Every structure is written in structure tokens, then in C-alpha cells.
Amino acid sequence: MSTIAENIASVRVRMAEAARAAGRSPQEILLCGASKMNDAAACREAIIHFLKSRKDHPTAEVIYQHLKEDQPNLSLGTVYRNLTKLSTNGSILKISCNDTSDHFDGDTSPHAHFICSQCHCITDLSMQSVHLDDILKKENDFNGVVTGSQLLFYGICGHCLAAGEAGQNK
């Protein structure tokens, strides 16, 4: 009797073989051949894969334009619904910016973000672990439970500063 792990391994091997024969990646085969029931799961996996491969914190529209290349029947509404589900369950981060667009991050490890007020780029900032919930409790007599937080810094990025200085030196 075969185990579930053996069955999964067998499916992966067959999917890789089918992909090679079709000249496509296993992910493309999965996305193109997914049933209606699996379309949402395939879309979520494609979104996560796309976000984890980038550092620029794209908007839903950018994600949609990229995924639509491989999934021509994909709708922007489907992308939005899946982004909402993924950010709600903690698989990705949603960053709400002053430019009225939400941006998304595949890196869910603790880190801060810097948002440029001129070009609206978002940069990851590595920071040593800061226990903000401890500070919150000590300084505010807070007795609740913190389940999440985001630390955002705003200002002007180095690129915009350099561009501004270059324009002033002319």
C-alpha cells in the first residue's frame, strides 16, 4: 500500500515530465491545468511565488499584469480576493501607503519598511528584534495581547535625494 508521500512524489514526477514534454515549467502546467476547485489555490501559490521572488513590494495591479501572462483568464478581482485572503492568514504582508495603493510583501519575517514620500518606493529595513509589545505594556499600562504590528518609516530615499541634489547643481 502506497503512502500519501509516495503518491505526492509520483504526481510531482509526472507533472515534471509533462511540463518537459510541453516545453513549460511545472508551475505553468499546474496553473493551466488546474480545475475550478484548484484555481484559487493555484492563484494563491502563484502570487506567493511571485512576491517571494521580488523586493519591490508590488501593487495588486502589478501582480495581476504579471500573472495574466501565464493565466489569460485571470481577473483582477480574483487577484484582489486572493491577496486579501493571503494577507489575512499571514502568508504575505499588506502595506498600506500614502499613495492610496496597497503594496504586498512576500517576506513575512519581522522587518520594517521605509516609504519614500517622493517616488513611493518601499524598502525593506532589517532591524534587530524589538519587542514593541513589551514597550507598549510598560509605557502605557496596556494589558491586551499584540497579535501583529508593522513599523513604517517615511521620508525621502537616497535615489530621490541624489536626483534632487543633481537637479540643484545644474
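For the set Ile4, Ile156, solvent exposure ranked by accessible area (probe 1.4 Å, protein chains only) runs largest to smallest as Ile4, Ile156.
So if R0 is 25 Å, what FRET efficiency would Thr88 and Arg12 give, r being the distance between their Cβ atoms, rounded to the nearest 0.05? Could the numbers behind the result be given before it?
Values: r = 29 Å, r/R0 = 1.16.
Taking R0 as 25 Å, the efficiency between Thr88 and Arg12 is 0.30.
Farthest towards the positive end of the charge dipole of the stretch 53-154, among the residues Leu83, Phe153, Thr100, is the Cα of Leu83, using unit charges on the Cβ of Lys, Arg, Asp and Glu.
So, with +1 on the Cβ of K and R and -1 on the Cβ of D and E, and no other charges, what is the size of the charge dipole of the stretch 47-170 about its Cα centre, to the nearest 20 debye?
Working: 10 positive and 14 negative charges, 43 e Å.
Dipole about the Cα centre, nearest 20: 200 debye.
The charge dipole of the stretch 45-91, taken about the Cα centre with unit charges on the Cβ atoms of Lys, Arg (+1) and Asp, Glu (-1), comes to about 160 debye, rounded to the nearest 20. The modelled label-to-label distance between Ile4 and Gln128, using points 7 Å beyond Cα along the C-beta direction, is 4.3 nm.
The values are calculated or read from the model by the stated rules, or taken from the named source; none is laboratory data. Nothing here was measured: the structure is a model prediction, and the numbers come from that model. As a convention, Cβ positions derive from the backbone with ideal geometry for all residues, glycine included, and neighbour counts pool all protein chains shown. To get the accessible areas, we keep the full protein, side chains included, count just its heavy atoms, and leave off ligands, DNA and RNA. Shrake-Rupley method; radii C 1.70, N 1.55, O 1.52, S 1.80 Å.
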